[in-house]
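One structure is given below, encoded as structure tokens.
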Amino acid sequence: MKRLFIFLLMTLLIFSLFTTMAFAKQEITLKVVTRTWAKELIKYATSKLQAAHPDLNIKVDASYYEYNECRTQLAIRLSRKEPIDAIIVDHIWLGEFKDMILPLDISEIKGYDDYLPSFKALMEKYAPPKKTLGLYAATDIRLLFWNKELMQKLGINSVDIKTWDDVKRYAKMIKAKENLLPKGVKPVGFMAGNSEHTNSRWYDYLWAAGGDILTKDEKEAKFNDKEGVAALEFYGWFLKNGMVAPEDVVSPANGAVYDEAFLNGKFVISLGNGHWLGTSTAKNVGLTKEQFISKFGATLIPAPEGGERGTTVAGGYLWCVSKFAKHPKLTLEFIEYITNAEGYNQPGTGKNGIPTLKSALPTIDNLPYADIIKEAVKHARFRPTIPEYPKIAEEIRDAIQEYVMNYDKKSAKEILDKAAKKVNEILK
């Protein structure tokens, strides 16, 4: 009897053990390197991935970093072949990390054709045929803005800006009645401080004129061609005609300072601000959406005669699968939840910004000047994606600032040629 009891007990234990093993969930941990602002996004994508795989116990081990530290950590951790699964890559870092990213088969990516063409081209830039190096998340764009209240104070009740000449025409109208403006207000402003915002907002005009930063192979400077000279001289026209002083545009330490100065009435026309001017910046200065729309007008970046109206630098990140990923297929699914059209600009998803997917563009309909933003994103351009770009950007920014401070002494061509020579040395 005792032997029978022991036998039954052992049988029960073995059965219990096998049952537990059969129903135990496999534990999977995805390692992620990303930015500090992505916590809600990671939480959302993790929940979506777990719901799609109830048979797995999925955990995400995410490391969050600020901008510069994120780039540094990616370089360190990928160089030692750490088994990181998903990484976030600023598009201007793409050339630096391209050899550490796993190319993805386009045919395996859901909704790939939904991407706007320019973003799709960037994603495929360094990838083999029929593959992509990552999935583009949200972006941001730039527009020209003006202060309606100040315009109306001068008797200008209708504004229609499409060309560079249009901007000059309105600037002259404002200048003619400058005495009616509050003290210190300037007819026109643009960003020329010591910040990448100076570069990106000038590039809009460089591209509008038909120029570019570098040659197509990214091996030589091109910004000093006639189109670049015209774009810098466009800035110079406002300086030479007393529409703004050098200190007004050089002093802002960054784009945020300049943007708030514009909203607070420093300039009547601003040659370039990010679309966030009507959302986060407006909120920072105490304006509601309705107040912003009532007080400020917006339009696409203007172009010279024969140029392309609406050109805008596009910011943003790609989500990529690391070459050293332990779980590449699951990671692809994870970054699809981060970047696909579902949940864009909805509370609790962390998927905020201007979508790069056509089907998700209606989610920004509640933004100020949404229709103009939707048109602008079709004209998106990108800064160089090579590792040398930060050094190149410094030379271009120095050139813009040198011209602003010496517009009456040195020519735009002379200054840009000098900068181009330095850039070509960097590119050797």
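Kindly provide the set of residues from region 350-359 that are surrounded by fewer than 19 Cβ atoms within 10 Å (Cβ to Cβ) and at pLDDT 95 or above, ordered by number. Result: K358, S359.
What do you reckon, is P362 surrounded by fewer than 17 Cβ atoms within 10 Å (Cβ to Cβ), in a helix (DSSP H, G or I) and not assigned by TED's automatic domain parsing to the domain that holds Y205?
Details: surrounded by fewer than 17 Cβ atoms within 10 Å (Cβ to Cβ): yes; in a helix (DSSP H, G or I): yes; not assigned by TED's automatic domain parsing to the domain that holds Y205: yes.
Here the answer is yes, as P362 does meet what is asked.
The test for being among the hydroxyl-bearing types (S, T, Y), touching a residue at least 12 places away in the same chain (Cβ under 8 Å), buried (at least 16 other Cβ atoms within 10 Å of the Cβ) and under 12 Å from T356 (Cβ atoms) does not hold for Y126.
Across region 205-229, the qualifying residues are those that are part of a helix (DSSP H, G or I) and aromatic (F, W, Y), and the one among them that is surrounded by the most Cβ atoms within 10 Å (Cβ to Cβ) is Y205.
Condition check ((1) assigned by TED's automatic domain parsing to the domain that holds V188; (2) surrounded by fewer than 22 Cβ atoms within 10 Å (Cβ to Cβ); (3) in contact (Cβ under 8 Å) with a residue 60 or more places away in the chain; (4) in contact with a Phe, Trp or Tyr (Cβ under 9 Å, 6 or more places away or on another chain)) across all residues:
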{"residue": "W237", "(1), (2), (3), (4)": "yes, yes, yes, yes"}
{"residue": "N241", "(1), (2), (3), (4)": "yes, yes, yes, no"}
{"residue": "P252", "(1), (2), (3), (4)": "yes, no, yes, yes"}
{"residue": "A256", "(1), (2), (3), (4)": "yes, yes, no, no"}
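Per this entry, M151 is counted among residues that are at pLDDT 95 or above, under 27 Å from P302 (Cβ atoms) and crowded, with 17+ Cβ neighbours inside 10 Å.
May I ask you to list the residues in region 294-342 that are among the hydrophobic types (A, V, I, L, M, F, W, C) and either in a loop (DSSP other than H, G, I, E, B) or at pLDDT below 95 (or both)? Steps first, please.
Of all residues in region 294-342, those among the hydrophobic types (A, V, I, L, M, F, W, C) come to 296, 298, 300-301, 303, 313-314, 318-321, 324-325, 330, 332, 334-335, 338, 341.
Within region 294-342, L300, I301, A314, F324, A325, A341 qualify.
Only a single criterion out of (1) out of contact with any helix residue (DSSP H, G or I) (no Cβ under 8 Å at 6 or more places or on another chain); (2) over 12 Å from G316 (Cβ atoms) is not satisfied by Y369, namely (1). Among the residues that make up region 262-274, is at least one of them β-branched (V, I, T), out of contact with any Pro (no Cβ under 8 Å at 6 or more places or on another chain) and modelled with pLDDT of 95 or more? No, region 262-274 contains no residue that is β-branched (V, I, T), out of contact with any Pro (no Cβ under 8 Å at 6 or more places or on another chain) and modelled with pLDDT of 95 or more. When every residue of region 240-249 is checked against the conditions, at least one turns out to be farther than 22 Å from L154 by Cβ and not hydrophobic (A, V, I, L, M, F, W, C). In the set (1) out of contact with any helix residue (DSSP H, G or I) (no Cβ under 6 Å at 6 or more places or on another chain); (2) modelled with pLDDT under 95; (3) among the small types (G, A, S), G255 fails one condition alone, (1).
When D165 is tested against (1) surrounded by fewer than 16 Cβ atoms within 10 Å (Cβ to Cβ); (2) of a type outside the set (S, T, N, Q); (3) closer than 18 Å to E247 by Cβ, just one condition goes unmet, and that condition is (3). With respect to the stated conditions, G278 fails to be within 20 Å of the chain's Cα centre (by Cα) and either of a type in the set (A, V, I, L, M) or surrounded by fewer than 24 Cβ atoms within 10 Å (Cβ to Cβ) (or both).
Within region 377-428, track down each residue that is in contact with a Lys or Arg (Cβ under 8 Å, 6 or more places away or on another chain), in a helix (DSSP H, G or I) and more than 30 Å from M123 (Cα to Cα). Residues satisfying the conditions are A399, E402, Y403.
In region 147-169, the qualifying residues are those that are touching a strand residue (DSSP E or B) at 6+ places or on another chain (Cβ under 8 Å) and among the β-branched types (V, I, T), and the one that is farthest from K295 (Cα to Cα) is T163. Regarding region 376-388, can at least one residue be identified that is among the aromatic types (F, W, Y), in contact with a helix residue (DSSP H, G or I) (Cβ under 7 Å, 6 or more places away or on another chain) and more than 26 Å from F234 (Cβ to Cβ)? No, region 376-388 has no match at all. As a summary of the residue check, G310 satisfies the conditions (1) touching a helix residue (DSSP H, G or I) at 6+ places or on another chain (Cβ under 8 Å); (2) at negative phi except for the one numbered (2). Count of region 129-148 residues, restricted to those that are out of contact with any Leu (no Cβ under 8 Å at 6 or more places or on another chain), touching a residue at least 24 places away in the same chain (Cβ under 8 Å) and not aliphatic (A, V, I, L, M), is 7. For the criterion of being in contact with a helix residue (DSSP H, G or I) (Cβ under 6 Å, 6 or more places away or on another chain), buried (at least 19 other Cβ atoms within 10 Å of the Cβ), farther than 30 Å from I426 by Cα and of a type in the set (A, V, I, L, M), L232 fails. Cβ-Cβ contacts under 6 Å between residues 6 or more apart (or on different chains), taken from a first residue in region 160-173 that is in contact (Cβ under 8 Å) with a residue 24 or more places away in the chain to a second residue that is part of a helix (DSSP H, G or I), are listed as I161/V167; W164/F234. Inside region 384-407, residues that are closer than 20 Å to V229 by Cβ, touching a residue at least 12 places away in the same chain (Cβ under 8 Å) and not β-branched (V, I, T) make up a count of 11.
The values are calculated or read from the model by the stated rules, or taken from the named source; none is laboratory data. Computed from a predicted model, the values in this text were never measured in an experiment. Here the Cβ is made from the backbone with ideal geometry for all residues, glycine too, and neighbour counts use every protein chain on show.
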